[in-house]
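Every number here is computed from the coordinates shown, using simple stated rules; none is lab data. Quick caveat: nothing in here was measured; it's all calculated off a predicted structure.
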Amino acid sequence: MGASAHLVVGRDGEVIQLVPFDTEAWHAGRSWYAGRSGLNRYSIGIELDNLGLLRLSGGMFVAECGRVVPAEDVFAHESGGKLTYWHRYTRAQVQALVKICSVLEEHYPIRDVVGHSAVTNRKVDPGPALEEAFKDFGIR
């Protein structure tokens, strides 16, 4: 099965629904969390348009797909003595994400909100740039 998600949030905060909420989307893949596996059956997938982890090459920040990210759109994160670079999330994305979660919590018994990296060791997103965006924009 190919990858899919229920919602995608663009850099400008636009929200596009790809899969109905009552239909399983393939966003988590092989996954496990809090004693459950196969989380696609139990979750709503929200993807944020973001290039994720970047590499520094020749003084430029480059995404896995080869796209160069301007320095002002890069978040540098240090953990365990290692510096990594991440594509920043936008204020519009974070505001849309908060609104989406609020609406979903009104209609579904949501217990946890977690990123891909919390449910599988194959993915690193959303990465530390999302937590930093919440802090930077004073959103919680």
Inset, instruction - Any chance you could run the full-extension gain for GLU64 through GLU131? It's 0.36 nm times the residue separation minus the Cα-Cα distance, nm to one decimal. - result: 22.0 nm
Legend entry - Long-range Cα-Cα pairs in the chain (distance over 27 Å), rounded percent: 22
Inset, instruction - Would you kindly give the portion of the calculated P(r) for segment 94-140 that falls above 15 Å, as a percent of all Cα pairs? - result: 54
Inset, instruction - Please report, largest first and rounded to whole Å, the three semi-axes of the ellipsoid equivalent to segment 31-90, where each semi-axis is the square root of five times an eigenvalue of the C-alpha gyration tensor. - result: 29, 15, 10
Inset, instruction - Show that you can apply the helix-only estimate: for the chain, add -39,500 (n - 2.57) for every DSSP H stretch of four or more residues, divide by all residues, and state [θ] at 222 nm to the nearest 500. - result: -6000 deg cm²/dmol
